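The values are calculated or read from the model by the stated rules, or taken from the named source; none is laboratory data. Since this is a predicted model, take the numbers as computed values, not measurements. We place every Cβ from the backbone using ideal geometry, glycine too, and count neighbours over all the protein chains shown. Note: accessible area is taken over every heavy atom of the protein model, side chains too, but ligands, DNA and RNA are not part of it. Shrake-Rupley method; radii C 1.70, N 1.55, O 1.52, S 1.80 Å.
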Amino acid sequence: MLARFLRAPFVATLLIWLGIAVGFGVLRQKIYFQTPMLEYADAAVNALQIENAKHGRELYGNYSRFHIHHPGPVFFYLYAGGEILFHDWLHLAPAPGNAHLFTGLLVQALFFALALTTLARSLPRMFLPLILLAAAFYFRSVDGAFTSIWPPHVLLMPFLCFLAASVSFATGRASILPLVVLCGGLLVHGHVAQPLFVGGLGAIALVLHVGQAQGSLRWSAWRAALLSARRPAIWSAALGALFL
């Protein structure tokens with residue numbers, strides 16, 4: 001049963017994602033679904049940008065104390081989508097702020113699940129149940145890793161997933177490239193310092209991938225690697241264009 005579970009990464013990802021979302025949703029139901037959340041301080045400033053994103057008008061990331069905006073608004077658009085779904089349409093969240101918090105939980109849980117199932121495909125079968133058990137004990141005391149929507153915090157799980165996907169891509173798995181680009185785009189949008197990590201680690205993963213897949217780093221090897229992974233490359237280019 002465990003082997004079959006690991007051979008179906010989509011099912012494993014879905015079950016882990018739903019398990020985290022339902023677990024925190026039940027434990028924090030008053031915060032997400034009962035007591036209206038009224039934003040203040042930084043959260044209120046972000047809520048104004050989420051409102052702009054809700055109408056398709058936001059082009060900037062969150063404001064920094066260094067008097068700049070971070071590169072992009074992708075997280076604001078995610079929260080705006082959650083507000084439309086959970087507050088405006090389903091009426092599960094009593095206020096827009098509650099919908100933002102619940103959307104943040106879903107985003108963090110999804111990238112955590114993707115990171116684990118990505119790593120599990122290349123590691124011994126017992127990795128996934130053991131790491132889930134360890135995570136259950138660890139995150140009991142640091143649940144903010146999933147529930148906080150403070151902008152520096154929300155980069156945690158996308159960064160973990162970016163590392164996992166980059167390692168998988170570096171070992172020769174071309175189909176994982178769109179996930180690398182997706183996570184990298186979120187990170188770059190989220191903080192002005194992230195291009196240093198995404199660009200550096202992504203370049204290393206690309207070089208290792210070509211060397212692993214083609215046994216050479218000559219131009220012919222790069223061209224062969226690109227042609228052999230045309231579909232992931234096209235999806236990745238489309239994602240990159242969207243983030244730009």
Work out, step by step, the length gained on full extension between Glu39 and Leu14: first 0.36 nm times the residue separation, then minus their alpha carbon distance; give nm to one decimal.
5.9 nm
For the chain, which DSSP H helices look membrane-span-like by this rule: Cα extent along the axis of 15 Å or more and mean Kyte-Doolittle of at least -1.0?
9-27, 42-54, 96-120, 127-138, 156-170, 177-190, 194-214, 230-243
Could you list, bin by bin from short to long, the percent of Cα-Cα pairs of the chain in 5 Å steps?
1, 6, 12, 16, 17, 16, 13, 9, 5, 2, 1, 0, 0
Rank Gln108, Gln212, Gln194 by mean-square fluctuation in a GNM of the chain with C-alpha springs under 10 angstrom and give only the top-ranked residue.
Gln212
What number, in percent, do you get for the relative contact order of the stretch 123-205 if the mean sequence gap of Cα pairs under 8 Å and at least 6 apart is divided by its residue count?
24 percent
When the accessible area of the stretch 111-225 is computed with all protein chains present and a 1.4 Å probe, what percentage of it is carbon and sulfur?
71 percent
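With charges only on Cβ, +1 for K and R and -1 for D and E, what is the dipole size of the stretch 1-94 about its Cα centre, in debye, rounded to 20? Walk me through the numbers before you get to the answer.
On the way: 7 positive and 6 negative charges, 89 e Å.
Using Cβ point charges on Lys, Arg, Asp and Glu, the stretch 1-94 gives about 420 debye.
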With +1 at each Lys and Arg Cβ and -1 at each Asp and Glu Cβ, the charge dipole magnitude of the stretch 51-195 around its Cα centre, to the nearest 20 debye, comes out at 420 debye
Please compute the modelled spin-label separation between Leu242 and His67, points set 7 Å along Cα→Cβ, answer in nm with one decimal.
3.6 nm
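Does the stretch 32-119 come out rounded, prolate or oblate by the C-alpha gyration tensor, with a ≥ b ≥ c the root eigenvalues, rounded set by a/c under 1.5 and, if not, prolate when a/b is larger than b/c and oblate if not?
Values: a/c = 1.70, a/b = 1.06, b/c = 1.60.
Taking the square roots of the gyration eigenvalues as a ≥ b ≥ c, the stretch 32-119 is oblate.
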Extension length gain for Arg231 and Ser122 (0.36 nm per residue less Cα distance), in nm, is 37.0 nm
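Per residue, how much accessible area does the stretch 84-218 have with a 1.4 Å probe, in Å²? If you can, show how the numbers build up before the last one.
Working: 6230 Å² over 135 residues.
Result: 46 Å² per residue.
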Just Phe66, Phe139, Phe159 to compare: in a GNM of the chain, with alpha carbon springs under 10 Å, which one fluctuates most?
Phe66
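Per-residue ellipticity at 222 nm for the chain, helices alone: DSSP H runs ≥ 4 residues times -39500 (n - 2.57), over residue total, nearest 500 deg cm²/dmol? Walk me through the numbers before you get to the answer.
Values: 12 runs with 162 residues, N = 244.
Theoretical 222 nm ellipticity from helices: -21000 deg cm²/dmol.
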Of the stretch 61-91, those with amide N under 18 Å from the point 7 Å along the Cα→Cβ vector of Leu196 are 64-72
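Please compute the length gained on full extension between Trp89 and Ala224, using 0.36 nm multiplied by the number of residues separating them and subtracting their Cα-Cα distance. Provide the component values of the computation, followed by the final result.
Numbers: separation 135, 0.36 × 135 = 48.60 nm, distance 4.79 nm.
Using 0.36 nm per residue and subtracting the Cα-Cα distance, I get 43.8 nm.
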